[in-house]
Amino acid sequence: MRVVARGVFYCPAMRHATVARLTSSIYGTVLTIALIAAYSAEESLDPALIAAALLVTLGVFWLAHSQAELLAMRYAVGHALSRSEMRAELRHARPMVEAGLLPSGALLLGTIGLVSDDTSVTLALGIGVAQLAGWGIAIGAREKLGTLRTFLVTAINISLGLAVVVLKLLIH
């Protein structure tokens with residue numbers, strides 16, 4: 001760890017862990033939106049099945065991503081990784097699955113009859129887009145961009161989510 005400014009420390013390992021978790025969360029959010037859009041286009045899938053398929057698929061992507069990361073890390077360091085290093089990497093990628101939990105909860109509202117199936121899908125997609133908006137706002141705040149630039153970063157960030165939703169509507 002080294003000092004880069006008064007009271008500010010830089011630690012490459014901590015930076016890597018933070019970036020890995022954030023990358024997994026953002027990727028998981030985009031993947032969640034895309035999967036809900038794709039699964040909801042299939043008329044035979046009710047919200048419970050969409051939620052289950054979503055979480056299983058996110059789990060598979062988490063395992064695939066973690067395997068790739070572990071193999072790359074092992075290659076980079078030139079030796080087998082310790083169990084604690086492997087557990088740490090699995091934890092860093094876990095937000096990919098966690099990103100689908102709130103949208104899955106919205107889908108389950110349709111399953112228990114609190115809202116219609118279509119409304120639960122719309123809510124789930126909206127939550128995903130809101131998560132992307134949250135990342136845009138967080139970036140703006142972290143970088144002290146000001147209101148206009150934060151709005152622009154957020155708009156660009158949610159445009160991907162909205163593009164997926166629009167494609168869903170065109171397909172459906």
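The values are calculated or read from the model by the stated rules, or taken from the named source; none is laboratory data. On a predicted model such as this, the values are computed, not experimentally measured, just so you know. Cβ coordinates were reconstructed from backbone atoms using ideal geometry, including for glycine residues, and neighbour counts include every protein chain displayed.
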key: Complete set of residues in the stretch 160-172 that are assigned to a helix (DSSP H, G or I) and either among the basic types (Lys, Arg) or surrounded by fewer than 14 Cβ atoms within 10 Å (Cβ to Cβ) (or both)   = 163, 166, 168, 169, 170, 171
remark   = Exactly one of 81, 54 is in contact with a Gly (Cβ under 7 Å, 6 or more places away or on another chain) and among the aliphatic types (A, V, I, L, M), and that one is 54
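Let's see how each residue does on (1) closer than 16 Å to residue 102 by Cβ; (2) crowded, with 18+ Cβ neighbours inside 10 Å:
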position	(1), (2)
24	yes, yes
33	yes, yes
39	no, yes
44	no, no
47	yes, yes
62	no, yes
65	no, yes
68	no, no
message = So for the stretch 108-123 (the condition being of a type in the set (D, E, K, R), free of Cβ contacts under 8 Å to residues at least 24 places away in the same chain and either touching a Cys at 6+ places or on another chain (Cβ under 7 Å) or more than 19 Å from residue 28 (Cβ to Cβ) (or both)), does at least one residue qualify?
response = yes
inquiry  = Looking at the stretch 31-57, I want the residues that are closer than 19 Å to residue 113 by Cα and have a partner that is of a type in the set (Ser, Thr, Tyr) with Cβ atoms under 7 Å, at least 6 apart or on another chain. Which pairs are those?
reply    = 45/39; 46/111; 47/111; 47/120; 48/111; 50/39; 50/40; 51/104
ask   = Among (1) modelled with pLDDT under 95; (2) under 20 Å from the mean Cα position of the chain (by Cα), where does residue 53 come up short?
value = (1)
note = Over the stretch 88-128, the set of residues surrounded by 15 or more Cβ atoms within 10 Å (Cβ to Cβ), more than 22 Å from residue 157 (Cβ to Cβ) and acidic (Asp, Glu) is 89, 117
key: Which numbered condition residue 93 fails, given (1) within 19 Å of residue 60 (Cβ to Cβ); (2) small (Gly, Ala, Ser); (3) without any contact (Cβ under 8 Å) to a residue 24 or more places away in the chain   = (3)
key: helices (runs of 4 or more DSSP H) contained entirely in the stretch 68-152, each with at least 2 residues that are modelled with pLDDT under 95 and among the aliphatic types (A, V, I, L, M)   = 83-93, 117-142
ask   = Do we have residue 85 as surrounded by 15 or more Cβ atoms within 10 Å (Cβ to Cβ) and either closer than 11 Å to residue 29 by Cα or acidic (Asp, Glu) (or both) here?
value = no
